[in-house]
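A.B. asks: I'd like to ask you about the structure that follows.
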Amino acid sequence: MLKNCKLVEFHNYKDERGNLVAIENPKNLEFPINRIYYIYGVDAKEERGFHSHKILHQVLIAISGSVKIRISTNNEEEIVELNDPAQGLYIGPMIWREMFDFSSDAVLLVLASEKYDESDYIRDKNIYLEEANNYFSNNLRKIIMKSKNLNVCYVNESDADFILSLRNDKNLGKYLSVTDNSLYNQINWIKNYKNKEKKGEEYYFKAFDSEGDLGFFRLYNIDKENKVLTFGSFIMKNNHPKYAAIESMILAMEFAFKKLKMKKVLLDVRVKNEVAKNFYNRFGFKKIDENDLDEFYELTREDYDELFANNYKNFL
Ligand code: T46
């Protein structure tokens with residue numbers, strides 16, 4: 001499914017008396033509803049929509065009849081037919097939508113996260129394409145750092161679904177804190193993070209190469225006074241190329257030590273996460289503490305400078 005979109009199946013309480021579908025935030029709807037509207041009596045040859053929203057999240061449900069929804073971005077397009085009152089199409093921000101092929105009995109119910117606000121609409125397709133290009137495409141994203149084989153940019157809201165797919169992968173996400181599988185929450189989390197990024201309080205990076213996205217890492221708990229920060233949320237997709245993890249790590253250290261002028265980088269890793277512990281050990285991190293759940297590691301600027309000169313400078 002297209003980025004920022006997904007199909008949602010609602011439970012149908014069906015018995016001999018008929019059907020009942022209940023929608024309740026946060027049980028089966030990710031956002032609190034601020035507005036409900038419905039579209040009906042649309043002629044079969046009429047088409048509606050032809051716009052995107054900047055921040056609005058919606059769920060569209062054909063509670064009667066059928067309707068097709070063409071959802072698209074700058075480089076993807078998909079047509080979804082809605083014809084089941086127990087199925088919804090979630091559409092997040094920055095998705096162009098067109099509704100067509102309304103059956104004569106179609107009633108399209110829309111649950112919306114925000115009140116009506118005309119300034120949230122992008123109705124000009126050319127303006128939309130330009131903004132969507134910046135929002136969705138890696139090649140137009142500002143590159144913050146580069147190594148031999150990969151690029152690193154700041155995470156934005158369009159990365160929400162990829163972050164979720166990695167963090168909720170049974171193996172990859174095993175040792176990370178639990179992330180709920182809500183695109184709405186993830187998009188809002190990133191929105192909040194972007195405010196911290198602006199103030200230099202936290203950085204969340206995406207690593208990608210010419211083939212596409214590779215993974216993520218984060219620098220947080222930035223203590224400017226004591227010049228210490230924490231490296232974490234490190235996750236790389238399954239079967240990533242060999243260079244992805246090491247080059248991401250080097251770029252993270254370059255940013256922490258040389259751009260942010262930190263004296264020390266800390267990280268914690270689950271005791272059971274042998275693969276990660278080996279990786280951090282080999283990279284040069286030193287264990288400083290442990291408890292039942294986690295081991296705590298640090299890398300000082302002096303140690304990094306030496307490691308960089310001996311082992312890592314060829315990766316940049
Ligand atoms: C969307 C698709 C799925 C309001 O005053 N309040 C509202 O909450 C809405 C939705 C519309 N309006 C007014 C604005 C227009 O004068 O109703 C008129 C028709 O709206 P529009 O031409 O935007 O309708 P559609 O069917 O093209 O699009 C609607 C929603 O506007 C849009 O958010 O995602 O349905």
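Readers should treat all values here as calculations from the given coordinates under stated rules, not as data from a laboratory. All of these numbers come straight from a predicted model, not from anything done at the bench. We place every Cβ from the backbone using ideal geometry, glycine too, and count neighbours over all the protein chains shown.
A.B. asks: When you go through 161, 120 one by one, which is the residue that is surrounded by 15 or more Cβ atoms within 10 Å (Cβ to Cβ), in contact with an Asp or Glu (Cβ under 8 Å, 6 or more places away or on another chain) and charged (D, E, K, R)?
C.D. replies: 120
A.B. asks: Of the numbered conditions (1) of a type outside the set (Lys, Arg); (2) closer than 23 Å to residue 258 by Cα; (3) out of contact with any helix residue (DSSP H, G or I) (no Cβ under 8 Å at 6 or more places or on another chain), residue 208 satisfies every one except a single condition; which is it?
C.D. replies: (3)
A.B. asks: Pick out the one residue from 225, 298, 254 that is over 21 Å from residue 173 (Cβ atoms) and part of a helix (DSSP H, G or I).
C.D. replies: Numbers: 225 fails: part of a helix (DSSP H, G or I); 298 fails: part of a helix (DSSP H, G or I).
Every option except 254 fails the conditions.
A.B. asks: Among the residues of segment 147-171, what is the count of those that are in contact (Cβ under 8 Å) with a residue 24 or more places away in the chain and outside any helix (DSSP H, G or I)?
C.D. replies: Looking only at that region, the number is 12.
A.B. asks: Moving on. Would you pick out the residues in segment 87-110 that are more than 22 Å from the chain's Cα centre (by Cα) and either hydrophobic (A, V, I, L, M, F, W, C) or within 9 Å of the ligand (Cβ to nearest atom) (or both)? Break it down into steps so the answer makes sense when it comes.
C.D. replies: Applying the first criterion (more than 22 Å from the chain's Cα centre (by Cα)) to segment 87-110 yields 87, 98-110.
Within segment 87-110, 98, 99, 100, 102, 106, 107, 108, 109, 110 meet the criteria.
A.B. asks: Can you spot a residue in segment 285-293 that is touching a residue at least 24 places away in the same chain (Cβ under 8 Å) and buried (at least 16 other Cβ atoms within 10 Å of the Cβ)?
C.D. replies: Looking only at segment 285-293, we keep the residues that are touching a residue at least 24 places away in the same chain (Cβ under 8 Å), and these are none.
No, the conditions are met nowhere in segment 285-293.
A.B. asks: Does any residue of segment 118-130 turn out to be more than 16 Å from the ligand (Cβ to nearest atom), of a type in the set (Asp, Glu), assigned to a helix (DSSP H, G or I) and without any contact (Cβ under 8 Å) to a residue 40 or more places away in the chain?
C.D. replies: Looking through segment 118-130, at least one residue is more than 16 Å from the ligand (Cβ to nearest atom), of a type in the set (Asp, Glu), assigned to a helix (DSSP H, G or I) and without any contact (Cβ under 8 Å) to a residue 40 or more places away in the chain.
A.B. asks: Tell me, please, whether a residue that is basic (Lys, Arg), touching a helix residue (DSSP H, G or I) at 6+ places or on another chain (Cβ under 7 Å) and part of a helix (DSSP H, G or I) can be found in segment 193-202. Steps first, answer last, please.
C.D. replies: Here is the first cut: in segment 193-202, the residues basic (Lys, Arg) are 194, 196, 198-199.
Applying the additional criterion that residues be touching a helix residue (DSSP H, G or I) at 6+ places or on another chain (Cβ under 7 Å) yields none.
No, the conditions are met nowhere in segment 193-202.
A.B. asks: What number of residues within segment 28-48 are closer than 26 Å to residue 189 by Cβ, more than 9 Å from the ligand (Cβ to nearest atom) and among the charged types (D, E, K, R)?
C.D. replies: Total satisfying the criteria: 1.
A.B. asks: So for segment 8-26 (the condition being within 16 Å of the ligand (Cβ to nearest atom) and either loosely packed, with under 15 Cβ neighbours inside 10 Å or part of a loop (DSSP other than H, G, I, E, B) (or both)), does at least one residue qualify?
C.D. replies: Among the residues of segment 8-26, not one is within 16 Å of the ligand (Cβ to nearest atom) and either loosely packed, with under 15 Cβ neighbours inside 10 Å or part of a loop (DSSP other than H, G, I, E, B) (or both), which makes the answer no.
A.B. asks: Just checking, does segment 208-218 include any residue being touching an Asp or Glu at 6+ places or on another chain (Cβ under 9 Å), without any contact (Cβ under 8 Å) to a residue 12 or more places away in the chain and farther than 17 Å from residue 172 by Cα?
C.D. replies: No, that holds for no residue.
A.B. asks: Would you please name the residue that is farthest from residue 223 (Cα to Cα), looking only at residues in segment 190-207 that are under 14 Å from the mean Cα position of the chain (by Cα) and either buried (at least 18 other Cβ atoms within 10 Å of the Cβ) or in contact (Cβ under 8 Å) with a residue 24 or more places away in the chain (or both)? Give the steps one after another, and end with the answer.
C.D. replies: Let us first name the residues in segment 190-207 that are under 14 Å from the mean Cα position of the chain (by Cα), namely 190-194, 204-207.
From the residues that got through so far, the ones that are either buried (at least 18 other Cβ atoms within 10 Å of the Cβ) or in contact (Cβ under 8 Å) with a residue 24 or more places away in the chain (or both) too are 190-191, 193-194, 204-207.
Values: 190: 21, 191: 22, 193: 17, 194: 18, 204: 16, 205: 19, 206: 22, 207: 24 Å.
So the residue we want is 207.
A.B. asks: Sort out which residues of segment 250-265 are in contact with a helix residue (DSSP H, G or I) (Cβ under 6 Å, 6 or more places away or on another chain) and crowded, with 17+ Cβ neighbours inside 10 Å, and write them in order of number. Before the answer, list the steps.
C.D. replies: Just the residues of segment 250-265 that are in contact with a helix residue (DSSP H, G or I) (Cβ under 6 Å, 6 or more places away or on another chain), to begin with: 250, 253, 257, 262-263, 265.
Passing the criteria: 250, 253, 257, 262, 265.
A.B. asks: Keeping to segment 57-102, report how many residues are touching a strand residue (DSSP E or B) at 6+ places or on another chain (Cβ under 7 Å), farther than 23 Å from residue 182 by Cβ and not in a strand (DSSP E or B).
C.D. replies: Residues meeting the conditions: 5.
A.B. asks: While we're looking at this one, here's another question. Of the conditions (1) surrounded by fewer than 17 Cβ atoms within 10 Å (Cβ to Cβ); (2) more than 12 Å from the ligand (Cβ to nearest atom), residue 55 fails just one. Which one is it?
C.D. replies: Condition not satisfied by residue 55: (2).
A.B. asks: Could you list, in sequence order, all residues of segment 131-146 that are of a type in the set (A, V, I, L, M, F, W, C) and either surrounded by 19 or more Cβ atoms within 10 Å (Cβ to Cβ) or in contact (Cβ under 8 Å) with a residue 12 or more places away in the chain (or both)?
C.D. replies: Quick first cut of segment 131-146, residues of a type in the set (A, V, I, L, M, F, W, C) only: 132, 136, 140, 143-145.
Correct list: 132, 136, 144, 145.
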